[in-house]
Each structure stands twice: as C-alpha cells, then as structure tokens.
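Taking it in order: structure first as structure tokens, then the write-up.
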Amino acid sequence: MAGTTAAEVLGGYLRQRAAEFLRALRTHGESARAAESAGEAADAVRALRAGARRLGGALHTYRPLLDLAWADHLRTELNWLSGTLAREYAYAARLDRLLVALHRLASGGTAPSAAPDGAGGGTADGPAGGGARD
C-alpha cells in the first residue's frame, strides 16, 4: 500500500460500509413485502442497523479528516435511523410474541407447531382454556 493516502483508505472503508448498508436495504425491501419472510426481514433490519452504526462510528472517529458539516449531518441522520430500526426490531419481536399467543389461543392452549391440523382442542364456541397455559 505504498503511496496510498489516508483519504483513499478512508474513502474505501466508507464505500465498503455504504455498500453493506445498501445491500441490507435492498434485502429489507425484498423481504418486507410478505409475512412468510419475516425472519429474513428481521435479519435485514439488524444488518441495516449495524451498517448505520458502523458508518456513524466511522464518521465520528474520522471526523477531523472529513468535511465537518457533512459528517455531522450524516451522522445525526444515521443515529436517528439506527434508533428507528431498533424500535422496528422490538416491534417485530412483540408482533411475533403476539402471533404465537393468538395461535395458542386459537388452537386451544397448545403451541401452533404442537397441534396437528384440525386438532386444536377447542369447542364449537371457541378455543378451550381461554388462552391459559397447560
């Protein structure tokens, strides 16, 4: 790496982090459309948040070498995005727990994977047990 300047090294690093972020953004856009790909969407959100945090950290660390106004503005936006993605991840986890609880309630108190099709244990009036655990 003889003859390589700090600006070239930093520029390459920031381009790699930006490329990771954009790949995660594309994955999120493709996976967020269907409920069946919720796990893939959650992974994409994690990757997006990690990418935003890495970029923000690099902008903070190398701030003296960058245009201060640009770096500070972008870092502020990345921090906001990271916080928003953290909330989305928490909401997705809550949604997953809610769906499991609703499936358990609808199937008569058993976990959705534990009850075969049509063997929920409910009555004609509704699920048995009212959602109580066995």
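When restricted to residues that are outside any helix (DSSP H, G or I) and of a type in the set (A, V, I, L, M), the range 26-65 contains 2.
Results for (1) open to solvent by 40 Å² or more (accessible area, probe 1.4 Å); (2) modelled with pLDDT of 90 or more, shown as yes or no for each residue.
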{"site": "ARG46", "(1), (2)": "yes, no"}
{"site": "LEU65", "(1), (2)": "yes, no"}
{"site": "ALA71", "(1), (2)": "no, yes"}
{"site": "LEU95", "(1), (2)": "yes, no"}
{"site": "LEU105", "(1), (2)": "yes, yes"}
{"site": "PRO112", "(1), (2)": "yes, no"}
{"site": "ASP117", "(1), (2)": "yes, no"}
{"site": "PRO127", "(1), (2)": "yes, no"}
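Residues that are farther than 30 Å from ALA93 by Cα and open to solvent by 100 Å² or more (accessible area, probe 1.4 Å) do occur in the range 55-63.
Scan the range 7-25 and tell me whether some residue there is part of a helix (DSSP H, G or I) and in contact with a Phe, Trp or Tyr (Cβ under 7 Å, 6 or more places away or on another chain). Yes, there is a match, as at least one residue in the range 7-25 is part of a helix (DSSP H, G or I) and in contact with a Phe, Trp or Tyr (Cβ under 7 Å, 6 or more places away or on another chain).
The values are calculated or read from the model by the stated rules, or taken from the named source; none is laboratory data. A quick note: this is a predicted structure, and the numbers were derived from the prediction, not measured. Note that we place each Cβ from the backbone using ideal geometry, even for glycine, and neighbour counts take in every protein chain shown. All accessible areas refer to the heavy atoms of the entire protein, side chains included, with ligands and DNA or RNA removed. Shrake-Rupley method; radii C 1.70, N 1.55, O 1.52, S 1.80 Å.
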